[in-house]
Amino acid sequence: MLRTRPSACIPVWEEKALVTDLMKDLNSVQQEAVSHGDGPLLVLAGAGSGKTRVLTYRIAHLIHELGVSPRRILAVTFTNKAAEEMKRRVADLVGADARLAWIGTFHSVCARILRREANWGWWTASFSIYDETDQLALVKTCMEKTLVSTSVFSPRAILSAISRAKDKLLAADDYRGTGRYFEECVAKVYAEYEKGLVENNAFDFDDLIMRTVGLLRGTKEVLTAYSERFEHILVDEYQDTSHAQYELVNLLSSRHRNICVVGDDDQSIYGWRGADISNILDFEHDHQDARVLRLERNYRSTGNILEAAHDVVSRNERRKDKKLWTERDDGRKVALVRCSNEYQEADAIRDRIVELTAEGTRDHHEFAVLYRTHAQSRVIEDSLRRASIPYDIVGGVRFYERAEVKDALAYARVVSNPADAVSLTRIVNVPPRKIGDRSLERLTEFAASRRVPLLSALALSAEVEGLPAAARESAEALAGVLMRATERAERDPVDTVLEGLLTDTGYLEWLKRSGTEESAQRVANVQELVSAASEFVESSDEESLSAFLEQVSLVANIDRWADGANAVSLMTLHSAKGLEFGVVLIPGLEDGLLPHESAFLDDEELEEERRLFYVGMTRAMDELHLFAADTRRRAGVMDVRSASRFLDEIDPSHLEVRSLSAVPRRGAYSSVGGSFRARVGGRQGRTARGPVAAFPDYENFSQEAPEFGPGTRVRHAKWGEGVVLEFAGTSGDAIARVRFADDVEKRIMVRYGKLEVISD
């Protein structure tokens, strides 16, 4: 176990800093943060305000000016990249001995503690750390042992529930659900999963923090050693800490109470993965003698960009009061472009990039396109590619290279070409059909001996020797679905064939069943592929499946010349946090997309969506372009869209509005301006004054929407009959949550949903 010396025995750090005057590069508030002595310190660091400099200079100040040994400093952040950058900057300031400080991610610091203190627990210092693939494999084994069927609940959904429990510091013995069947199953699998980790001398990533907290709580000697050792603790991105990380930091800082946390509540955008904004909002309550400093000077953006961003984020109720300012000039106004649809939107983005690069004022790497969901990238990629504009997908892969899109295309290729054994092999057991590797091997051998395609072997599986009954039934069923789809492909358009294929094979339902954020994204990507097929039917002289697949193949196999450094960056808003670009373009500013429809009925989620938009806006240095479409195709169906309520919150003096849409407008809303009743889900009656950027209703839609109370039976043209579960909002912004057949739930904007009440 680690042993520490009394602080009196630790010599003053005598090595001279490489930078003798640390303060000359800092503004007055940064200097206060860096030179703060003992006691809790909260630094509210707005976007682009130099928080990394404050952290690194403070570490250097502690070592060089206050004589603190690097060994007694702990600095934690969230990514390896951020940790390495912090180490490098500190070393530049005070020399090589800075490496003695503990600077790393939460997970790396905890792994280090667990290895050093292994004699206190059931594990050895050589424990393994399981990644997601290892975890899923173990969960599947545990589901088999506990008789929890993978056909009822996906292993990924079970693992997500276990992860959430660990983030709340709930071990298997402490896990208690609400009594629902799913949670009962999670409890059984969780207990078995914990046994499996112990048997394998392994931790998963959630364990690293939870087990460290447990060790500190349960072993007085360990807590005393580490809380005594770390005289100063610094935490980066404190707004993103979870409950488990919050407890870890409080335990480690319990002896000296010299805790400095740096973060921005306005940039808290990871609530869906466990981040708790209350940690930073309640810091002064937890540490009543805390000093609070606000870094409000922005070194990144122009005045108009900062003003527009503040207009938006200041509408949130759960935030610390602060406002960014800059010594830069106002710059050009924020551009808001109204488009007819996502294709015109993508072309407008392309045209702005072409315009600025042609002028010679910008290189491609200075542009970033930031969107709410990965599925939005497909249309934008197509437009950039046609214009030979190089681009990179950051934090993701190109649309046609995503696993779920490749799966869907593999199904389609087998339908188009039954002899395609490679594509069939990819999806024969996706979703799981009990056709394992050995069964597939027997089917392949049978196909070779009979000299027939693998698909034919599946249809003739009754004749395959040694094939288990379950595999035989599944093989015959899959062959039947694919062969029927082949017949439909000869007469029906590609979008109809593709949508039916994904439904009949159970692939789409399998994606939905996972119930995780990732699964929802994968469903959206597959639906976007159906939209691409619909676009192909409308724009091409051909509408066959084979012609569509040929076009997709040419797209997917395009030369990778676009992967160079000088390329436009395409990424989600979540991925953009911490980055900056000369020109930022944000498409999809419509209710249902940004803010996402999942946030309509939850105030806290809606505020997080607003923070997400704020993060995107403040990535821009010189130009910010916003785009909204009147219509957007979703799963092959054209949806009429309402402009994002967030646009309504921007003062018109900061906007430059342009319309490319040919759709006629009604009423007086031909430009931005006026006031409105705030359309905030769950906050009926609040009045907000500000510009109206919402695009007007079309002639064929009613301004008023009927109200459907819970329990009302309704009929929808696409989803059939259903029951209203919840109704929120008023007039044209009303949203009904409806359960249709097979427990399919949809949130429908009543004005556009054309719901018909079924009378008794």
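The values are calculated or read from the model by the stated rules, or taken from the named source; none is laboratory data. Computed from a prediction, not measured in an experiment: that's the story for all the values here. Cβ: placed from backbone, ideal geometry, glycine included. Neighbour counts: every protein chain shown. Heavy atoms of the whole protein, side chains included, go into the accessibility calculation; ligands, DNA and RNA do not. Shrake-Rupley method; radii C 1.70, N 1.55, O 1.52, S 1.80 Å.
Tabulated data
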read-out	value
Filter on Lys140/Lys746; Lys81/Lys577; Lys434/Lys512; Lys406/Lys512 - keep pairs with C-alpha separation over 23 Å	Lys140/Lys746
Correct option for semi-axes √(5λ) of the Cα gyration tensor in Å [calculated from the coordinates] among (i) 46, 37, 26; (ii) 39, 30, 27; (iii) 50, 31, 27	(i)
Region 408-436 residues near the modelled Glu509 label - backbone nitrogen below 18 Å, point 7 Å along Cα→Cβ	408, 428-435
Carbon + sulfur, % of accessible area of the chain - ligands and nucleic acids excluded, 1.4 Å	47
Prolate/oblate/rounded call for region 266-383, Cα gyration tensor, a/c under 1.5 rounded	prolate
Two-site FRET efficiency, Asp173 against Glu144, from Cβ-Cβ distance with R₀ of 22 Å, rounded to 0.05	0.50
Residues of the chain: accessible area per residue with a 1.4 Å probe, Å²	43
Using θ = phi - 60° and Karplus 6.51 cos²θ - 1.76 cosθ + 1.60, couplings along region 196-203 (whole Hz; Gly, Pro as x)	x, 5, 5, 4, 9, 6, 9, 10
Over the chain, relative contact order from alpha-carbon pairs under 8 Å, at least 6 apart, %	13
For region 88-170: span of alpha carbons on each principal axis (Å, largest first)	58, 29, 22
Theoretical gain in end-to-end length, His285 to Asp131 [0.36 nm per residue, Cα-Cα removed]	51.8 nm
Given charges at beta-carbon only (K, R positive; D, E negative), |dipole| of the chain in Debye	1280
Computed E for Tyr181/Ser598 - FRET, C-beta separation, R0 25 angstrom, nearest 0.05	0.60
Two-site label geometry, Leu579 and Leu660: point separation in nm, points 7 Å out along Cα→Cβ	2.2
Over the chain: helical MRE at 222 nm, DSSP H runs n ≥ 4 each giving -39500 (n - 2.57), nearest 500	-12500 deg cm²/dmol
Listed residues Leu501, Leu252, Asn566: farthest to the positive end of the dipole of the chain (Cβ charges)	Leu252
nm² value of the averaged projected area, convex hull over the Cα atoms of region 430-499	5.0
Over region 72-199, relative contact order from alpha-carbon pairs under 8 Å, at least 6 apart, %	19
Quarter of Cα convex hull surface for region 376-534, i.e. mean projection, nm²	10.6
C-alpha center-to-center spacing [region 275-303, region 182-212] in angstrom	35
Other-chain or far-sequence residues with amide H under 5 Å of Gly95's (modelled H)	Leu18
Gained length - Val292 relative to Asp330, 0.36 nm times residue gap less alpha-carbon distance	10.8 nm
Alpha-carbon radius of gyration plus Dmax, which is the widest Cα pair, for region 27-159 in Å	20.9, 63
Distance between region 345-380 and region 225-269 - C-alpha centres, whole angstrom	39
Computed lengthening from Ser254 to Lys718, 0.36 nm per intervening residue step minus Cα-Cα distance	161.2 nm
Sites Ser449 and Glu487 - FRET efficiency at Förster radius 22 Å, r taken between beta-carbons, to 0.05	0.20
Under-5 Å amide H pairs with Asp392, H placed in peptide plane, nonlocal only	Val568, Ser569, Leu570
Shape of region 65-117, Cα gyration tensor, a/c cut at 1.5	oblate
Whole-Hz ³J(HN,Hα) from phi, Karplus 6.51 cos²θ - 1.76 cosθ + 1.60, for region 380-389, glycine and proline x	5, 4, 4, 5, 5, 5, 5, 8, 6, 8
Burial order of peptide ranges 616-629, 282-295 (average beta-carbon count within 10 Å, highest first)	616-629, 282-295
³J(HN,Hα), Karplus 6.51/-1.76/1.60, whole Hz, each residue of region 411-421, x for Gly, Pro	4, 5, 5, 5, 5, 6, 9, x, 7, 7, 6
Shape of region 175-293, Cα gyration tensor, a/c cut at 1.5	oblate
Considering only the chain, percent of DSSP beta bridges that pair antiparallel, nearest 5	35
Sequence-distant residues sharing a close amide H with Asp639 (under 5 Å, placed H)	Arg632, Arg633, Arg634
Inverse mean reciprocal Cα-Cα distance (Kirkwood Rh) of region 125-225, Å	14.1
